[in-house]
1. In nm, to one decimal, how far is the modelled label at PHE86 from the one at THR112, with both set 7 Å along Cα→Cβ?
2. Tell me the angle of helix 114-125 to the major Cα principal axis of the chain, expressed in degrees between 0 and 90 and rounded to the nearest ten.
3. Starting from the 7 Å offset along Cα-to-Cβ, what nm value, one decimal, do you get for the label separation of LEU146 and LYS4?
4. Figure the gain on full extension for ARG41 and PHE139 (residue separation times 0.36 nm, minus the Cα-Cα span) and round it to one decimal in nm.
5. Counting other Cβ atoms within 10 Å, keep those with at most 14, restrict to DSSP loop, and tell me which GluC sites (Glu not before Pro) in segment 26-88 are left.
6. Scan the chain and report its longest stretch carrying no trypsin sites (Lys or Arg not before Pro) that are both in a DSSP loop and have at most 15 other Cβ atoms within 10 Å.
7. Using θ = phi - 60° and the Karplus curve 6.51 cos²θ - 1.76 cosθ + 1.60, what whole-Hz ³J(HN,Hα) does each residue of segment 137-154 get, with Gly and Pro shown as x?
8. Give, in nm to one decimal, the length gained when the segment between LYS54 and HIS168 is fully stretched (0.36 nm per residue of separation minus the Cα-Cα distance).
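No value in this document is a laboratory result; all are computed from the given coordinates. Not measured: the values here are computed from a predicted model. Cβ: placed from backbone, ideal geometry, glycine included. Neighbour counts: every protein chain shown.
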Amino acid sequence: MKAKTLLKQSARLYEDNRLSVAPGLDVFVEGARWMEHWLQRLDPEFRASTLSSKTLRCYGIFKYGVCICVAGAAGYLLFVFNPILFPLAILVFYLAEVHFLFLFPIFLNGDTHPITCSIYLTYRMGLWNTTLTVMSIAFFMLRGLLAGKDRYKNWHIGCLAILIWYNHEAFRNRV
C-alpha cells in the first residue's frame, strides 16, 4: 500500500471515530493502549494479549534505542567521511526503524516472536518500498507537529495509517 492511500483511509477513519491520546510521560504504554483500541476497531477478531507496562516500555526503548544508535553511528561516520553526507543518517534511521515497524501491533497480537515477525513483514513488503512509505508518513506526522493548532492530529492519523497497513499486510491471506 502507498502512503497517500494509507493516509487517506486513516484520515477518514480518524475523523469518523476520533480517539486521541494526550501526550504523557509514558508514551510507549499510552501509545500501545491507543493502538489496541484501533486494532480492535480495524479487526473484530483482534484480541489483545495482556501485557505489562514494563514490557511495553522495554520494547519501545529497544526499538528506538537501536534506531537512534544505528543512525548516530552512521551520522558520525558520514560526517567524518564528508560532512555533506551527514543528513543521510536520517535515511539510516528509517532503514533501521522499518525493521521494527509493526513491533507493537504484533506484540499486542500476542505473537511470541514480535521482532522476527516484524522483520519478516518488512522484507515481505520490500525494504525500500517500506522505507519510502514510512518516510512519507513520518514527514506528514512531523509536519503536523509543527503546525499551530491540533498539532497531534497528523500524528494520530499517521499512526493509524501504520495500523491499517499492518492489518492489511499481516492478515491479507486470512480466509
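1. Label at PHE86, label at THR112, 4.7 nm between them.
2. 80 degrees
3. Result: 2.2 nm between the two label points.
4. 32.7 nm
5. Of the GluC sites (Glu not before Pro), the ones in loops of segment 26-88 whose Cβ has at most 14 other Cβ atoms within 10 Å are GLU45.
6. 48-148
7. My calculation for segment 137-154 gives 5, 4, 4, 4, 5, 5, 4, x, 5, 7, 6, x, 10, 6, 4, 8, 4, 4 Hz in order.
8. Net length gain for the segment: 38.2 nm.
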